[in-house]
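Below is one structure; the comments refer to it alone.
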Amino acid sequence: VLWNPVTGRDDYAAGRLSFGQIWQWIEEVRIGGTGLAYVVDRDGMLIAHRETERVLARSDYSSLPIIEDYISGRKASPDRWKEYHDEKGGKAVAFYREVPEAGWAVITQIPAKEVYSPIEEMNRNILLWTALWMTLFVFLAYKFVNRITNPISILKEGAEKISRGNLDIKLHIRTGDEIEELAVNFEKMAQTLKELDSMREDLIRMIIHDLKNPISGIMASMD
């Protein structure tokens with residue numbers, strides 16, 4: 001502590017002003033919703049914190065993992081963050097930045113839950129949209145398959161009706177493709193079979209009518 005002849009007072013007052021400015025800055029720092037920043041010295045003793053009573057109590061943070069990394073000179077990998085436990089035992093994502101001129105380190109930390117919350121929300125949204133798209137895909141696939149299988153089922157029922165002698169069928173297939181053409185040809189075939197069957201019955205009736213009189217005469221002569 002040196003006496004300043006210009007101001008007429010000791011320089012330690014300026015030191016107190018600097019600490020006041022640091023405390024004010026620490027109190028104003030907001031990282032995310034609940035994150036914070038604080039300052040420790042090389043031994044892990046708390047210098048500045050949002051909760052001033054912790055500083056006044058000379059809190060020792062040297063046992064915190066992030067402070068141990070600072071004291072030992074270990075740094076987190078630049079391509080991924082590292083989880084620590086904060087002073088309350090909760091999981092937190094923390095970084096430190098050294099101030100070598102003062103022998104301090106500024107620690108910034110935010111609860112891991114708050115860090116991962118947007119990622120988890122994004123994952124939920126991805127799962128939701130994936131489920132929606134999969135549902136839409138399954139629905140469209142069902143409609144597509146149904147468009148093929150339904151006409152085939154109608155054709156099968158038509159074939160069974162023809163096998164039972166019911167030639168008066170209407171399939172009502174309107175797919176606009178080869179299956180519709182097949183259904184039309186199927187109906188034409190049934191109509192042709194119906195006409196042939198009608199001709200057969202007419203021929204049988206005609207033969208019976210033409211043979212009835214001669215057969216009746218022969219039977220009368222035989223009697």
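Of note:
- Largest GNM mean-square fluctuation across Pro111, Pro65, Pro151, computed for the chain with C-alpha springs under 10 Å, falls on Pro151.
- Convex hull volume of the Cα atoms of region 37-99, normalised per residue: 83 Å³.
- Considering only Ile67, Thr130, His172, and ranking their Cα positions along the charge dipole of region 65-187 that arises from unit charges at the beta-carbon of Lys, Arg, Asp and Glu, the one farthest toward the positive end is His172.
- Taking Gly165, Gly35, Gly44 as the candidate residues, the one with maximal mean-square fluctuation in a Gaussian network model of the chain, Cα springs under 10 Å, is Gly165.
- Entries in Lys75/Lys113; Lys161/Lys212; Lys170/Lys212; Lys188/Lys212 that, when Cα-Cα distance is taken, lie over 30 Å: Lys161/Lys212; Lys170/Lys212; Lys188/Lys212
- Cut-off under 5 Å, modelled amide H: who pairs with Thr175 long-range: Glu180
- Spacing of the two label points (7 Å from each Cα toward its C-beta) at Arg50 and Val145, in nm: 5.6 nm
- Mean ellipticity per residue at 222 nm, deg cm²/dmol - from DSSP H runs of n ≥ 4 across the chain, formula -39500 (n - 2.57): -20000 deg cm²/dmol
- Result for the chain in a Gaussian network model with C-alpha springs under 10 Å: among Glu180, Glu201, Glu83, the largest mean-square fluctuation is at Glu201.
- Which labelled figure in [x] 30, 18, 18; [y] 105, 15, 12; [z] 28, 22, 16 is semi-axes √(5λ) of the Cα gyration tensor in Å, once derived from the coordinates: [y]
Read the figures in this text as sums done on the coordinates, not as results from a lab. Predicted model, so just to flag it, every value in this text is computed and none were measured. For neighbour counting, all protein chains shown are included, and Cβ atoms are generated from backbone atoms with ideal geometry for every residue, glycine included.
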